[in-house]
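> This structure is in structure tokens; I'll ask about it shortly.
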Amino acid sequence: MTQAAGTIRPGGRSAKTRDAVHAAVRALLDASPDGTVTVAEVAERSGVHPATIYRRWRTPEGLVLDTLFEELSRRSPLPVTGDLRADALVYTQRLLAGLREDKNLALARAFAAATRSGTLDADGLNQFVEPRTRQIEAMLTAAGTGELDVQDVLELILAPAYTHALLANPLRTDADAERLVDNLLAVLAQRRARAGAAAGDDTGAARDDTGAPEGDA
């Protein structure tokens, strides 16, 4: 089976290679004025051959995205207790607190760079997002919220959080976190209400179709 670019089988030499490359990327990002790295720099610092890096990560943007998502998943895993408001609030508070530090905007900048350069297509980008996507899906599934999906979390929590941070106006970790989560829950409530109303209409239509005689005029 062909291994997807950017993914490394756990254990052994592959894991050591990934760890070395990630460590090099993080160190280079800390010293980079514009949040970018080159494959040559990563190869030199990590001791991994450039051909190996290109084969597994394809682009500098892929290197940065894979490194940052791995670090994000390790540093700030999503809580999965089944209580959507509590879990989403903890997640959002951590997100907003992190975005108050400029170095944590590297992820957003890497996404923007990858999009502008066209070096990674949608499948390539999704490959690096997938681990975080699975965490969000697990949080929603544990809460039994089939009416919401990852796109809702992206649009209602992540997008406003990153937009404000990139505009040098980061949101607050208390009131703004609650507001974003309440917006998500409001969408959930609205969708459930619509589904309930639709179910009621279907039930009423089914009763009307039974052919029961109406009262005398």
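> Which of the residues belonging to the stretch 90-106 are open to solvent by less than 70 Å² (accessible area, probe 1.4 Å) and under 15 Å from P160 (Cα atoms)?
Within the stretch 90-106, Y91, T92, Q93, L95, L96, A97, G98, L99, L105 qualify.
> From the list E155, E147, E137, pick out the single residue that is over 15 Å from the mean Cα position of the chain (by Cα) and at pLDDT 95 or above.
The match here is E147.
> Any residue at all in the stretch 190-197 that's under 21 Å from E70 (Cα atoms) and open to solvent by 50 Å² or more (accessible area, probe 1.4 Å)?
The answer is no, given that none of the residues of the stretch 190-197 is under 21 Å from E70 (Cα atoms) and open to solvent by 50 Å² or more (accessible area, probe 1.4 Å).
> Find all pairs meeting these conditions: Cβ atoms under 9 angstrom apart; at least six residues apart or on different chains; first residue within the stretch 182-210 and modelled with pLDDT of 65 or more; second residue open to solvent by 80 Å² or more (accessible area, probe 1.4 Å) and not small (G, A, S).
D182/R85; L184/R85; L185/R85
> Return the total of residues in the stretch 114-134 being at pLDDT below 75 and either aromatic (F, W, Y) or open to solvent by less than 20 Å² (accessible area, probe 1.4 Å) (or both).
Of the residues in the stretch 114-134, 3 are at pLDDT below 75 and either aromatic (F, W, Y) or open to solvent by less than 20 Å² (accessible area, probe 1.4 Å) (or both).
> Looking only at residues in the stretch 47-62 that are open to solvent by less than 50 Å² (accessible area, probe 1.4 Å) and in a loop (DSSP other than H, G, I, E, B), which one is modelled with the lowest pLDDT?
The qualifying residue modelled with the lowest pLDDT is T59.
> In the stretch 63-72, what count of residues is obtained for those that are under 9 Å from A110 (Cβ atoms) and touching a residue at least 60 places away in the same chain (Cβ under 8 Å)?
1
> Looking at the stretch 155-180, which of its residues are open to solvent by 60 Å² or more (accessible area, probe 1.4 Å) and within 15 Å of R100 (Cβ to Cβ)?
Within the stretch 155-180, T163, H164, L166, L167, A168, N169, R172, D174 qualify.
The values are calculated or read from the model by the stated rules, or taken from the named source; none is laboratory data. All values reported here derive from a predicted model rather than from experimental measurement. Positions of Cβ are backbone-derived with ideal geometry, glycine not excepted, and every protein chain shown enters the neighbour counts. In case anyone asks, the SASA skips ligands and DNA or RNA and just uses the protein heavy atoms, side chains included. Shrake-Rupley method; radii C 1.70, N 1.55, O 1.52, S 1.80 Å.
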